[in-house]
Amino acid sequence: MDNFVLWTIFLYTALCFSIYQGQEIQEFPPTFLKVSKNLPLQRLLVEWDVSDSAHKFELEMVFDIQVSRTEEMNVVWTEYYNTTLSKLKKTLHWSWDSELPLECLSHSVRIRSMVNDERFSKLWSRWSQWETVLGLDTSDDNTPYIFPEDKVVEEGSNVTFCCIGGKDSRIEYLLFNYTDYYYPDSNTSQQNMVITMKKVLHAEVPGIPVFCKISGKENKKYSATLLFVGKPPYEPEDISCDTRDIKTLTCTWNPGKNTYLYGAHSTKYHLFERFSQKTFCYQETAHYLEPIHCSWAIDQQMIYNLTLTAQNPLGKRSANFVLDVAHRVHPYPPSDLSVEHMKATEVSLYWRMQPKYKAIKLLCQIENRHPSGQVELHNSSPVQSNSYPHLTLGGLQPFTYYTFRMRCGAASHFWKWSEWSKTLRVRTNEAAPSGKLDVWREVTPVLGGRNVTLFWKPLPDFRANGGDISFEITWEKLKKASELEHISISALQNSTTISIDNHSYKISVAARNNINSSLPSVMIISRATDNGAEEKVDRTDLEEERVNGTVDGIYISWKATNAFDGYIVDWCNFPRSQHCDFQWKRFDFNTSSCFIKSAAFMPGVRYNFRVYGSLANEDFFLGKKVGYTKELAPRLNPQGEIAEMTSHTVTVTWDSYPVNESQPGFIRGYHVYVKTMEEECSLKGSAKHALSDGSVLCKYTIENPEEKRYVVKHLMPETTYALAVKAYTGGGETPIDAYINVDTLHDSKIYLPVLLVIIPFVVITAVCFWKIKWVKDCCYPEIPNPNKSQVLSFNGLKLNSEAVLKLSDCIPDTVVLENTSEANTLQLRSHGTILESESKVINPSWVYFIQNEVGNLMCTQSAPEACTSFENLAYSSQTALGSSLYQNLWMSEKSEPQLSILLYQPQHYIEILSKDTVTSLREITEREGSLRYISQMEVPRSEAKLSDLPHFTEPIEHSSYKIQTVLGSELVTSTSDEGIQSQDSSTSSNSTALLLPGRH
């Protein structure tokens, strides 16, 4: 035996040594390669083996596996598979899931190996031969196919479809879900088509249809399949197991969210118990929103270890839980609930329970619902389930309906309440009314007494406690014995009116039912005075006070004193209605304010509140308050009328506008708006008011609501204005919708200055027309026209068809020469002839002309100065007597009088030639002197002699005589009164013009 062992060891050592020596060339190639396919799973199954020596040494080996498609052997997958060989010589296995359906194309597999051991060289063995699994692409069948068939995939996955047209067929397109069309690539064979859908989504209906349209020698064909897209199952939720009768155990759970897989692909549930190794039920999801139930009978087993599994084609989920049946008791609801031994404030309830065959201690709860909605819960003591228990409830109100119902649960190891039993509605028995009524009154004086309207309502502690309620009212005089008066009022009423005289009265009000009456509520009506008003009550001398309101109510306050034991505030909810819904509220003695709110209060309604103090059932009026919850703008606008109007003022009135409680707010005042045609405000004393359309009005504010007259001042005469009157309250005012158009009168005062100017002017003009001749003689006498003189009409004065005026034919005026300071030399030139006149006048003097015996004119002076005369240039005219015929001015001394006849010669113009003697015309015209002209009208005719003229020692004021001189084409005119003004004169001189006497 020892030799055998030694021999074995020797051989093993020799073998290992020989292997070690040849490790660089040792290979273990794969053998017996076999490939198959699992079409439901779309999986390639690969099997192979290696030599026995590799198994014997339990080598760690690596296998390189390649998967290819089509005849060209395109490698689509490569994977290294690591494993350790076993001495048991087990066949090696590997699988691969294909995205492309295996039916579509042929798939081939080959393998090579490498020993991953330090004892051997790491060299790959040679490849095995390709092992092929054929697809339908190599089939000669004419039948078209589409794969995969009815596949279930998870939402969001990629799905590859292939369409096989068959022999002698062509694929036209692939249609997905009736909406998406896909066409084969023109560069590939149109007999097979492969398309991949990315991230597919679930459909609302089970299964998404996929069609493949194929055309061939025969008619067109369709190949179709369905794709089911969903989600793996969710873990069951809200698992609950309980028993109701200790006979059956029921488990309930919710399936969770929707997996969108239905029918054969829907989620399946089964419940497995580990202790008994039993599966109790198989359930299928009908709807993901509905809970799933599973029930089975309870034997002797009370503790269960359960596993709930949910599974669908995309996966499965499980939940484990353990339960004790004794701790999962959920009783049935009580039945046959009834009432026995009912009283006014107490009832006894009876009921039945299950199960009866097996006693369980139960705890029951009773719900008592009051008519007001209040709910009370009462728990009973533990009772046996097979008994007939009862419970007595007290503290109930008489003649009141109550609703009862019950539920029960296990007294020990409480799990949950049972459902509620059916409800039971009962009414307790009657009793006398409890509490008092809250009574108030309103007193109205009438002839010979008063009417008292009584109001009542139940106080919070009042209970009628029965049916057939009526109200008993009694009253009697206080200080004088009288018979007690009594009336009964139906329960349908809460007020009544009684008549009393002016004495003090005590009034009582009580409620009565079929059992008895309540305690009476008492009030005292004070004695009335002679005018019908109550003493110490309804003091009309108190002024009403305005109070503030909000949208929720109105705030009232008063002065609290120790003289009263409480206060009352009354008002009407609907003051504008005949049924005003009279209300009142009482307050404690230490209260001085309150907030009155009512659902009936509305904006824009004035509410009147009266405050009373109460003492020993007698009430005293303290004051009246008025207010609004919210003031609104006036509904009606004042009807303005123009009462008076002048050129600068307009008086507008609105006497009929009311300011009483009919208004939706307290009238605080008025606004008078004035609109001008320019739509600008410039009136003094007004404020600018801009309208929404951009126009500007003048606004006047009247803060006294009783003032209903206003005078708009500072207006313009004869101007159109538009006026509007708006009343405003605490709520504002309404927009302006109408105007009163007025036109101011004209202003008569503006014509007074005009009349003061026009009337005197008209008077003066009339006088002037009346005395026109006198005015003309005084203001502007007529200058004689020589050509129109009568003297020139004589034949004796005609010379060559020209009229010649002789000195003897005219009576000249007296010419006065004043302020002569020096002699002047005047050179006159006419038709080439120079006429010189030179005179020296030392002192101014009057010049007189004397007619001698012959009838010629002589010049005399009162002084021995020279007398200078020259031709009156204004009377010069052209004549045919010769081109150089001129009459020179002459000068005679008083001692040597000379007679010269000066004839009026025709002449066109006179020019001043000598600039050495007379520098310019201006030197002539600026000489200081004046030529006084005495009218001929006052000189006697030719019959009179010049000696008859008076001798004047002072100048006589007469009309100015104009001297006209023609210089070139210019006519220069000067007067002896004003002097002759020129432009370049620096000297002055005086000259005297002699007008020869003649007849007119």
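The values are calculated or read from the model by the stated rules, or taken from the named source; none is laboratory data. Owing to the predicted nature of the structure, the values given are computational and were not obtained by experimental measurement. A quick note on method: Cβ atoms are made from the backbone with ideal geometry, for glycine too, and the neighbour counts reach across all protein chains shown. Accessible surface is based on the protein model in full, side chains and every heavy atom, while ligands, DNA and RNA are left aside. Shrake-Rupley method; radii C 1.70, N 1.55, O 1.52, S 1.80 Å.
The residues of region 688-703 that are in contact with a strand residue (DSSP E or B) (Cβ under 7 Å, 6 or more places away or on another chain), in a loop (DSSP other than H, G, I, E, B) and exposed (fewer than 12 other Cβ atoms within 10 Å of the Cβ) amount to a single one, Glu703.
Checked against (1) surrounded by fewer than 17 Cβ atoms within 10 Å (Cβ to Cβ); (2) over 28 Å from His579 (Cα atoms); (3) among the small types (Gly, Ala, Ser), Ser499 passes all but condition (2).
Among the residues making up region 638-651, those that are under 22 Å from Thr729 (Cβ atoms) and buried (at least 19 other Cβ atoms within 10 Å of the Cβ) are Pro638, Gly640. All of (1) modelled with pLDDT of 85 or more; (2) part of a loop (DSSP other than H, G, I, E, B); (3) exposed (fewer than 15 other Cβ atoms within 10 Å of the Cβ) hold for His746 with one exception: (1).
Of the residues Leu105, Leu174, Leu88, the single one that is open to solvent by less than 70 Å² (accessible area, probe 1.4 Å) and not in a strand (DSSP E or B) is Leu105.
Within region 556-578, which residues are farther than 13 Å from Asn608 by Cα and part of a strand (DSSP E or B)?
Pass one, region 556-578, residues farther than 13 Å from Asn608 by Cα: 557-568, 577-578.
Result: Ser557, Gly566, Tyr567, Ile568.
When Cys580 is tested against (1) out of contact with any Cys (no Cβ under 6 Å at 6 or more places or on another chain); (2) under 30 Å from Leu437 (Cα atoms), exactly one condition is not met: (1).
Kindly indicate whether Leu100 is open to solvent by less than 70 Å² (accessible area, probe 1.4 Å), of a type in the set (A, V, I, L, M, F, W, C), without any contact (Cβ under 8 Å) to a residue 60 or more places away in the chain and more than 20 Å from Tyr81 (Cβ to Cβ). Give the steps one after another, and end with the answer.
Numbers: open to solvent by less than 70 Å² (accessible area, probe 1.4 Å): yes; of a type in the set (A, V, I, L, M, F, W, C): yes; without any contact (Cβ under 8 Å) to a residue 60 or more places away in the chain: no; more than 20 Å from Tyr81 (Cβ to Cβ): yes.
Spelling it out, it is not the case that Leu100 is open to solvent by less than 70 Å² (accessible area, probe 1.4 Å), of a type in the set (A, V, I, L, M, F, W, C), without any contact (Cβ under 8 Å) to a residue 60 or more places away in the chain and more than 20 Å from Tyr81 (Cβ to Cβ).
Taking into account only those residues within region 620-635 that are in a strand (DSSP E or B) and aliphatic (A, V, I, L, M), which is farthest from Pro735 (Cα to Cα)?
From region 620-635, those in a strand (DSSP E or B) are 620-627; that's our starting set.
Subsequent filtering for residues that are aliphatic (A, V, I, L, M) retains 622, 626.
Working: Leu622: 40, Val626: 27 Å.
Filtering region 620-635 for residues that are in a strand (DSSP E or B) and aliphatic (A, V, I, L, M), the one farthest from Pro735 (Cα to Cα) comes out as Leu622.
Residue check: Leu437 meets all listed conditions (1) surrounded by fewer than 16 Cβ atoms within 10 Å (Cβ to Cβ); (2) touching a Leu at 6+ places or on another chain (Cβ under 7 Å) but one, namely (1).
Taken as a whole, the condition of being modelled with pLDDT of 90 or more, touching a helix residue (DSSP H, G or I) at 6+ places or on another chain (Cβ under 8 Å), polar (S, T, N, Q) and farther than 25 Å from Lys247 by Cβ does not apply to Asn368.
Residue pairs whose Cβ atoms lie under 6 Å apart, separated by 6 or more positions or on different chains, with the first residue in region 476-493 and assigned to a loop (DSSP other than H, G, I, E, B) and the second acidic (Asp, Glu) and open to solvent by less than 70 Å² (accessible area, probe 1.4 Å), are Ser482/Glu476; Leu484/Glu476. Of the residues in region 123-137, how many are open to solvent by 30 Å² or more (accessible area, probe 1.4 Å) and out of contact with any Ser or Thr (no Cβ under 6 Å at 6 or more places or on another chain)? Count: 8.
Name the residues in region 62-74 that are at negative phi and either modelled with pLDDT under 90 or under 60 Å from the mean Cα position of the chain (by Cα) (or both), would you? Write out each step before concluding.
Going residue by residue through region 62-74, those that are at negative phi are 62-69, 71-72, 74.
Arg69, Glu71, Glu72, Asn74, listed by residue number.
Candidates are the residues of region 194-250 that are among the small types (Gly, Ala, Ser) and assigned to a strand (DSSP E or B); the one that is surrounded by the fewest Cβ atoms within 10 Å (Cβ to Cβ) is Ala224.
I want to confirm something. Restricting to region 595-619 and keeping residues that are small (Gly, Ala, Ser) and not in a strand (DSSP E or B), which single residue is surrounded by the most Cβ atoms within 10 Å (Cβ to Cβ)? This residue is Gly604.
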